[in-house]
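Q: Quick one: the structure is below, questions incoming.
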Protein chains: 2
Amino acid sequence: MAKYKNNCIKDITNILKALGDENRVRIVMALVDKGQLCVCQIIELLGLAPSTVSKHLYILRQANLIESNKKGRWVYYNLAGGGANKSVRKVLHWLQESLAKDAGIREDKKLLGKILKEDPERLCLKMKKR
Amino acid sequence: MAKYKNNCIKDITNILKALGDENRVRIVMALVDKGQLCVCQIIELLGLAPSTVSKHLYILRQANLIESNKKGRWVYYNLAGGGANKSVRKVLHWLQESLAKDAGIREDKKLLGKILKEDPERLCLKMKKR
DNA sequence: TGTATAGTTCGTTATATGGCGAAGTATAAA
DNA sequence: TTTATACTTCGCCATATAACGAACTATACA
């Protein structure tokens, strides 16, 4: 399973680089809020091209901050769970605490509420039109 | 004094970007270890050009992670102290915890021990030769 | 089958970043 | 007041990164 070697500076800076981007932080905070989101919902939230969002998700995954699971045509992402190492869990907690009152993140939460109410089929079609 | 407004995502990503570089993390960890260092000692530790180190220090200072105070010709840097906001203090603590056992950081500590024993005058002359 | 859809990967472009040396600034020493 | 020293700022270059659209992959549905 997970390899429990010591954190090295490379891993740590990788985590920090992954989180050093506003859009990726928004993704992480959306997952903190909703637990799990499919890619098209994240695309809708950020208003970026699918390929761009996919790359952001890849970077977060490389840093072990998030995980994905595929269900049919949809891919769902969630925060790294119990398997995540201590540093990852702690930095996610730090982010959460630091941005709890952030105005932009609050707006994202509201927007996410609307997005989750929408029909997923229609949502993905909307994405297609970009 | 310090303005106590809410953290915004901009500030937070700024902190994360500042720490998303190995050399800057090494600087921070050196300051964790020794409390205070002058620029020429940091230059010696990293083995980079003075101008490069100066820029790294500037970036860390912009993110409110470190502070400087000038004494004569020498400029000393230390970690942001009591004036630092909660997020900064916490992320510094996280870094410290995450890298406590890192091999490279341990090497830096040893090297720093030697650097601090050296005559500061001679150290800065050595720097000049680069 | 074949066609549509949800994501990903690839190639390109514009901008950001890390590195350096040269020039500039401020303090100390001669 | 001149010279040296300890940094910093500036201008440059090479590489990294974020964004996009086009092409590709995998699954579902007709």
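The values are calculated or read from the model by the stated rules, or taken from the named source; none is laboratory data. Bear in mind the structure is a predicted one, so any value in this text is a computation, not a measurement. Every residue, glycine among them, receives a Cβ derived from its backbone with ideal geometry; neighbour counts consider all protein chains shown. Remember, those area values only see protein heavy atoms, side chains included, never the ligands or the DNA or RNA. Shrake-Rupley method; radii C 1.70, N 1.55, O 1.52, S 1.80 Å.
Q: Please compute the modelled spin-label separation between A:Lys34 and B:Ala100, points set 7 Å along Cα→Cβ, answer in nm with one decimal.
A: 3.8
Q: What do you get for the angle between helix B:50-62 and the principal long axis of chain B? Use alpha-carbon atoms, 0 to 90 degrees, nearest ten.
A: 20
Q: How would B:His93, B:His56 rank on accessible area, largest to smallest, probe 1.4 Å? Display every interim value, and only then the final one.
A: Values: B:His93 105, B:His56 25 Å².
Sorted descending by solvent-accessible area, the residues read B:His93, B:His56.
Q: A further question on this structure: Please state the shape class of region A:23-64: rounded when a/c is under 1.5, otherwise prolate if a/b exceeds b/c and oblate if not, all from the C-alpha gyration tensor. Intermediate results must be reported in sequence, preceding the final value.
A: Working: a/c = 1.68, a/b = 1.04, b/c = 1.62.
Verdict is oblate for region A:23-64.
Q: For a quick check of your reading of the filter: which trypsin sites (Lys or Arg not before Pro) in region A:62-110 sit in a DSSP loop and have no more than 14 other Cβ atoms within 10 Å?
A: Hits after loop and neighbour filter: A:Arg73, A:Lys101.
Q: For chain A, what is the relative contact order in percent, using Cα pairs closer than 8 Å and at least 6 residues apart in sequence? Before the final figure, lay out each step's value.
A: Details: 109 pairs, mean separation 37.9, N = 130.
The value is 29 percent.
Q: Sticking with this one: Checking the table A:Lys17/B:Lys101; A:Lys109/B:Lys55; A:Lys10/A:Lys101; A:Lys86/B:Lys17; A:Lys10/B:Lys110; B:Lys10/B:Lys55 against a 29 Å threshold on Cα-Cα, which pairs fail? Mind showing how you got there, number by number?
A: Working: A:Lys17/B:Lys101 21 Å; A:Lys109/B:Lys55 37 Å; A:Lys10/A:Lys101 31 Å; A:Lys86/B:Lys17 21 Å; A:Lys10/B:Lys110 20 Å; B:Lys10/B:Lys55 20 Å.
A:Lys109/B:Lys55; A:Lys10/A:Lys101, as the Cα separations exceed 29 Å there.
Q: For region A:18-26, just list the computed ³J(HN,Hα) in residue order, Karplus coefficients 6.51, -1.76 and 1.60, θ = phi - 60°, integers in Hz, with x standing in for Gly and Pro.
A: 4, 8, x, 8, 4, 5, 5, 5, 4
Q: Related question: How big is the B/A interface in buried accessible area, both sides summed, 1.4 Å probe, to the nearest 100 Å²? Kindly include the intermediate steps, with their values, before the conclusion.
A: Details: alone 8660 and 8680 Å², together 14990 Å².
Summing both sides, the interface buries roughly 2400 Å².
Q: Heads up, I need the accessible area for B:Tyr58: 1.4 angstrom probe, whole protein in place, Å², nearest 10.
A: Near enough 120 Å² of accessible area.
Q: Note down the magnitude of the dipole of region A:9-128 about its Cα centre, charges +1 on Lys and Arg C-beta and -1 on Asp and Glu C-beta and zero elsewhere, to the nearest 20 debye.
A: Details: 22 positive and 13 negative charges, 42 e Å.
In total the dipole reaches around 200 debye.
Q: Further question: Would you please give the FRET efficiency between A:Glu107 and B:Lys114, computed as 1/(1 + (r/R0)^6) with r the Cβ-Cβ distance and R0 = 51 Å, to the nearest 0.05? Present the calculation step by step, with values, prior to reporting the outcome.
A: Working: r = 52 Å, r/R0 = 1.02.
Using R0 = 51 Å, I get an efficiency of 0.45.
Q: What is the Cα centroid distance between region A:18-78 and region B:11-77, reported in whole angstrom?
A: 33
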